[in-house]
Every structure is written in structure tokens, then in C-alpha cells.
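First comes the structure, then the notes that go with it.
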Amino acid sequence: MNELRALVLQHGVGFVFLNVLLEQLGIPVPAVPTLVVAGALAADGRLPFGKLLAAAFVATVAADTIWFLLGRRFGQKVLKTLCKLSLSPDSCVRQTEGLFDTYGLASLLFAKFVPGYSTVAPPLAGAAGSTLPRFLAFTSAGTLLWAGTALTLGLLFHGAIDRALRFLANLGGGAIVLLGAALLLYIALKWTQRRRFYRFLRMARIGVADLRSLMDAGQAPLIVDVRSDHARMRDPRRIPGAIVVNLFDLDEKIGQLPTDREIVLYCT
């Protein structure tokens, strides 16, 4: 953290701009610690608060606009690619689509506060066919709220932040080891959960080629499309013969499905 403070002091607004831009483009370099430290330095009069907020705003909106245009151009493919990089790829698509389906563009007001949703929300808005002016209005408001909150926290609690930095400096290399161990533990837990999930589903899964073989042989199971309404709008393709059932209505509708055939569900 003291190294971070030194970097912010040395390079000022330019460092804040670059850090925020890289994070919003999807590179795992957290910007909130930088913004908080920059806010603390602004409280001491070492950095201009207004320029820090402007730098974070321009960097974030620029990155979001790039993702928005990519989402408009490539649609669902961008979302799937981003979720493949997630530590929870199996639930990433459903969770992010669920937020956007529920709140629409208004979700951009709080997207930066939701881990995993910040980078995915802009291309999702583009894939959903949102207009650029409306997107810019919502993402700008959300950016000001997010960056302003982080900077203001640093501004208000600069004394506590200075004490925390001194504490970490006293720990020396132990602080880095402790943070690294915590990160590795989190990744290990997510990996273990994912492997357990795969083992649980392995016997219940059917591959694309296997399904096609059954269909060609005239033994097709009942195929159920449980994608959300917005997902079907973004990608109207459907497996031939599939019926549409909203995932949230599945418990209610499951009793109405025939019991003399295998049932295959597919989603996003």
C-alpha cells in the first residue's frame, strides 16, 4: 500500500487515469484502493480532487463505451467470453443477465459496486440494443457515483488511511505475504466449488453431438429452452423442437411435462 501511495504521489492524476482505465477494460488491477489513497492525498492538499474525479470519469466512460460497442457488434459472444475468464463461469451468465433483465439500464447506476458485473454490464447493454445516448447517460451517472464514493471515502477517512499505511509499512513483506495468501485461498475455494459442481452434474449432462445423434435417430428427448426473455431476444436461435419455459416457472411447469421421454434443459 505504501508503494501504491508513492506511485500515486509520483505520477498523480495520470496514474489514477491509467489504473481505472485498465480495470474497466477487464485487466485485474483494482482501482478502488488507488482512488481511496488518491482521495486521502487530496485531503492533504497534495492532489486536486476535481481532476482526480475527472480522470476516473473519462477513463471509465471510455472503457465502458468500448465494451458497449463490442456488445452491439458481437452480441452474446462478448458476454460468454468475459464469463469464461470469471472464477464462477457456470453462474456468471445467469447472474449478470438476471441483474440486467431485472433493472435494465438502471443497473449501470450500481454496476461498479457489484464484483463481476462492472465489466459485463456495458456489453450486455449493447447486445440488448440500447441506444448510445441513453447508455452514456446511465453509465456516466453510475461512474460519478462509484468514483466519487471511493475518492470521498479517502477524503473523509484520510487519517485512518494514513495509520493503516503506517501499520502495513511496519509489517513489511509480511503484509504482501498475508494478502497473497488470502487471494490464493479465495481462488482455491472457488476452484474447489467449481470442480464439485462439475462432478455433481457430470452424469446429468448431455453433449451437443450426443443430442444431435438422438435427434437424427428419431429418439429425441423433450428439449426445453429455459433462457431468459432478454437472452432469447438477443439470440433468437433455438434448438429445433424445443419448447420455451421460463426458468423461474420451471418448478410450476415441470409436472406438466411428459414422463415417457428424457428431458433436456438448456440455457445461456
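The values are calculated or read from the model by the stated rules, or taken from the named source; none is laboratory data. Fair warning: this is a prediction, and the values are worked out from it, not measured in the lab. Glycine gets a Cβ as well: all are built from the backbone with ideal geometry, and neighbour counts include every protein chain shown.
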query = Given the conditions (1) modelled with pLDDT under 90; (2) surrounded by fewer than 19 Cβ atoms within 10 Å (Cβ to Cβ), and given that T149 satisfies all but one, which numbered condition is not satisfied?
reply = (1)
remark   = Those residues of the range 240-260 which are at pLDDT below 85 and either part of a helix (DSSP H, G or I) or surrounded by 12 or more Cβ atoms within 10 Å (Cβ to Cβ) (or both) amount to N246, L247, F248, D249, L250, D251, E252, K253, I254, G255, Q256, L257
query = Filter the range 227-239 for residues that are in a loop (DSSP other than H, G, I, E, B) and touching a residue at least 24 places away in the same chain (Cβ under 8 Å); which is nearest to K80 (Cα to Cα)?
reply = D235
remark   = Out of (1) surrounded by 13 or more Cβ atoms within 10 Å (Cβ to Cβ); (2) basic (K, R); (3) in a loop (DSSP other than H, G, I, E, B), the one R205 does not meet is (1)
